[in-house]
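Presented below is the structure to which this report refers.
The values are calculated or read from the model by the stated rules, or taken from the named source; none is laboratory data. Model, not experiment: these values are computed from the prediction. Glycine gets a Cβ as well: all are built from the backbone with ideal geometry, and neighbour counts include every protein chain shown.
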Amino acid sequence: MADLSYEQARDELIEVVRRLEAGSTSLEDALALWERGEALATRCQTWLDGARSRLDTARAEKTGSAEDHRSGTAREAALDDAAAALDPEEDDAR
């Protein structure tokens, strides 16, 4: 599980949910799918938490020079876009 990328874990989680919603599995298989889905959801959340931490760190590392400030404006916009993708509710608050 630890070697799955965010996208791999997310795609597998979507498939697990699809199979569970279809309702065509045995109880034993449904329980195994549920457990796998829980593990995949945890993996996805770990990736998202790490991405949020990296964005917060990048924002905190701003410098005060004029050149960095000019290039930082585009960088800040990109960071804001990335943060919004992680947390759409935060984007609504801005």
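Can you go through Ala58, Ala82, Ala9 and tell me which one is modelled with pLDDT of 95 or more and within 19 Å of the chain's Cα centre (by Cα)? Break it down stepwise before answering.
On the way: Ala58 fails: modelled with pLDDT of 95 or more; Ala82 fails: modelled with pLDDT of 95 or more.
Sole residue among the options that is modelled with pLDDT of 95 or more and within 19 Å of the chain's Cα centre (by Cα): Ala9.
Residue-by-condition table, conditions (1) surrounded by 13 or more Cβ atoms within 10 Å (Cβ to Cβ); (2) touching a residue at least 24 places away in the same chain (Cβ under 8 Å); (3) among the polar types (S, T, N, Q):
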{"residue": "Glu12", "(1), (2), (3)": "yes, yes, no"}
{"residue": "Val16", "(1), (2), (3)": "yes, yes, no"}
{"residue": "Arg19", "(1), (2), (3)": "yes, no, no"}
{"residue": "Asp29", "(1), (2), (3)": "no, no, no"}
{"residue": "Ala32", "(1), (2), (3)": "yes, no, no"}
{"residue": "Ala39", "(1), (2), (3)": "yes, yes, no"}
Scanning the range 41-57 for residues that are charged (D, E, K, R) and free of Cβ contacts under 8 Å to residues at least 40 places away in the same chain, which turns out surrounded by the most Cβ atoms within 10 Å (Cβ to Cβ)?
Arg52
